[in-house]
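Just below is one structure, and these are the notes that go with it.
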Amino acid sequence: MKFDQISEPLPQRLADGLARLAAVARQLDWETAEGAGLTPTQADILRFVSNRPEGVRLTAAAAHAGVRKATASDAVAALEKKSLLRKHADASDGRAVALKATTRGNRIAQQWPSSFAPIVGGLSPDEQETLLTLVVTMIRHLQQQQLIAPQRTCVTCRHFRENAAPDTATPHFCAFVGAAMAEHHLRVDCQEHESAA
Ligand code: SF4
């Protein structure tokens, strides 16, 4: 087949396509952040902290945003100055600091549009379900290789019973909720997540 000879390898074309999608999402995110008077890193950290009302350490916020601790510290200082985030004593270690969003910070974070919404919005529900399965698989691989910070996905959760009912419409089970799950129910950032490690 002619195209087998003239095409770039499949992994490379996939990587190129994903890089294009990421660039579009990043651009949309930057435009929204600019409109809210935030840098993209500040916006990323604010949303991360807002999703964790119990409070998070600076190192976790830096790992999530993929920046150095010093850069995250600058972003946190700017967010504090804008009254979007506060430092509290960590409940589990009084000497440590936990970051928590203020009421205003939570409001901004919760109104933040998903930068990938226009990208996934063009897919059918079946295509979205297939994509979700692939995204969860990719996150799991990255996490196993320690290339990303731990994520609150079902597949890394101690409550998750993978393929507990094979060949059914709801093969998985969440012991926390006590309910069967289909592929499209898998979560990538669940507040009830507890690490299986
Ligand atoms: S608690 Fe959340 S992350 Fe854990 S299995 Fe249930 S839905 Fe998934």
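No value in this document is a laboratory result; all are computed from the given coordinates. The shown structure was predicted, so the numbers you read here are calculated from the model rather than taken from an experiment. Neighbour counts run over all protein chains shown; Cβ positions are idealised from the backbone, glycine included.
Descriptive notes on the structure:
- Ordering 14, 66, 37 by Cα displacement along the dipole of the range 2-110 toward the positive end leaves 37 in first place; charges were set at the Cβ atoms of Lys, Arg (+1) and Asp, Glu (-1).
- Measuring spread by the Cα atoms of the chain yields a radius of gyration and Dmax of 19.2, 66 Å.
- Where the Cα pairs of the range 123-185 fall when distances are cut into 10 Å bins, in %: 21, 47, 29, 2
- Binning the alpha carbon pair distances of the range 2-110 at 5 angstrom intervals from zero yields the distribution 2, 12, 18, 19, 15, 9, 7, 6, 5, 4, 2, 1, 0, 0, expressed in whole percent.
- Take every pair of alpha-carbon atoms less than 8 Å apart whose residues are at least six positions apart; their mean separation over the length of the chain yields a relative contact order of 15 percent.
- Ordered from longest to shortest, the equivalent ellipsoid semi-axes for the range 111-152 are 23, 15, 7 Å, each the square root of 5 times a Cα gyration tensor eigenvalue.
- Contour excess over end-to-end distance, with Cα ends at residue 70 and residue 1 and 0.36 nm allotted per residue: 19.6 nm
- For residue 141 and residue 15, the difference between the fully extended length at 0.36 nm per residue and the C-alpha to C-alpha distance is 43.8 nm.
- Euclidean distance between Cα centres, the range 1-50 to the range 120-191, Å: 21 Å
- Counted over the range 83-188 with a bin width of 5 Å, the fraction of Cα pairs per bin, in whole percents, is 2, 10, 13, 15, 16, 18, 14, 7, 4, 1, 0.
- Between residue 180 and residue 31, the contour length at 0.36 nm per residue exceeds the alpha carbon distance by 49.7 nm.
- With R₀ set to 45 Å, the beta-carbon distance separating residue 59 from residue 133 gives a calculated FRET efficiency near 0.90.
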